[in-house]
Structure formats: C-alpha cells, structure tokens
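Asker: My questions all concern the structure below.
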Amino acid sequence: MIIIKSNDEIYPIVTEALGKATKLMTCADLMGVPDVFNAALARWGNDKVKASEKLSDTLRYMWVRGALDRFPAPPSHSMARYAYALAGRFGNNGEVKLAPPSPTTKNKGDMTVVERDGEVVIELKDFTIVIKPK
C-alpha cells in the first residue's frame, strides 16, 4: 500500500476512513464521516464548500500518486463524478477503474519538459534538470 509522506493530518484520516469503507466513497461521502469532516474544516477553514473542494483535490492527488483507485461515481444525491477506494481494495468487483493521467510532455525545439509524480524533468541536449518539491 502506498502511503503519502506528509505532516498533513488529512492523509492518514482519509486513508483510515477509506480503509473502514465497505463501498466506494465519493468526496461527499467522506465529508459525511465525522473525523474527515472535522479534519477538513480544521485544515482548510470553516467554509464547508471550500473544504470539500480541497478534499476533492487531495483525493485526486492521492489517486495520481497511486495510494487510491478512482472509479466513476455511482448515482447519488451529490454531484460527485468520482468515487475512491484504497488502491487494490475494490478492483475486482466489476467497477471500471480509471487510470491516472499519463505524464505531460512538451517539446520546445531541443528541449523536452515532462511532468510526472509531482516533479518536472527538463531534458536538454547536453544535460537534464529535475525539479522536485521539498
């Protein structure tokens, strides 16, 4: 299982909530879990809409990093487009798992720029530059 290495408390709380889940969960479903709801408000402020949007961004980040699997959301009262599960947990139940986006590549003459896994790789004729977050 891939774990996001961060001091941000939201990651283990979301991971724990998804670990206890018996079905795929959307962002709205996760905001219905008291621990996740309280952690989101503590992290991003008391605006519930903003906290939900930031939680959605966090779920996408965790999916791109491989910690979560992403599926089309089942029909519900929310407008969620995606549902999530811990990586490998619900893959064989007939749901259509969505693949993470492929790295972005741009060619600028003799230079190639590739974005992947949170880093940017710039390849030039004689050397390569790798930019990683701290």
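Asker: With a cap of 13 neighbouring Cβ atoms within 10 Å, and only residues DSSP puts in a loop, list the trypsin sites (Lys or Arg not before Pro) found in the stretch 9-62. The partial results should precede the final answer.
Answerer: Working: sites: Lys20, Lys23, Arg43, Lys48, Lys50, Lys54, Arg60; in loops: Lys23.
Here the trypsin sites (Lys or Arg not before Pro) that fit, given the DSSP loop and packing criteria, are Lys23.
Asker: When the C-alpha atoms of the stretch 3-55 are aligned to their principal axes, what extent does each axis show, in angstrom, from largest down?
Answerer: 28, 24, 15
Asker: Between 0 and 90 degrees, rounded to the nearest ten: what's the tilt of helix 34-44 against the longest Cα principal axis of the chain?
Answerer: Approximately 40 degrees, to the nearest ten.
Asker: Can you sort Ser78, Ser6 by how many other beta carbons sit within 10 Å, fewest first?
Answerer: Ser6, Ser78
Asker: What residue among Glu119, Glu16, Glu53 shows peak mean-square fluctuation when the chain is described by a Gaussian network model with Cα springs under 10 Å?
Answerer: Of Glu119, Glu16, Glu53, the Gaussian network model singles out Glu119 as fluctuating most.
Asker: Also, quick follow-up: Round to the nearest 10 and give me the degree value, 0 to 90, for the angle of helix 48-64's Cα axis relative to the longest principal axis of the chain.
Answerer: Tilt relative to the chain: about 50 degrees.
Asker: Something else about it: Tilt of helix 10-20 relative to the longest C-alpha principal axis of the chain, in degrees (0 to 90, nearest 10)?
Answerer: So the helix axis and the longest Cα principal axis differ by about 50 degrees.
Asker: Further, regarding this structure: Using the structure shown, select from Lys54/Lys134; Lys23/Lys134; Lys20/Lys54 the pairs with a Cα to Cα distance greater than 31 angstrom.
Answerer: In this structure, Lys23/Lys134 exceed 31 Å between Cα atoms.
Each value in this text was obtained by applying a stated rule to the coordinates, not by laboratory testing. Note that the structure is a prediction, hence the values are computed from the model and not measured. When we count neighbours, we look across all protein chains shown, and the Cβ atoms used for this are built from the backbone with ideal geometry, even at glycine.
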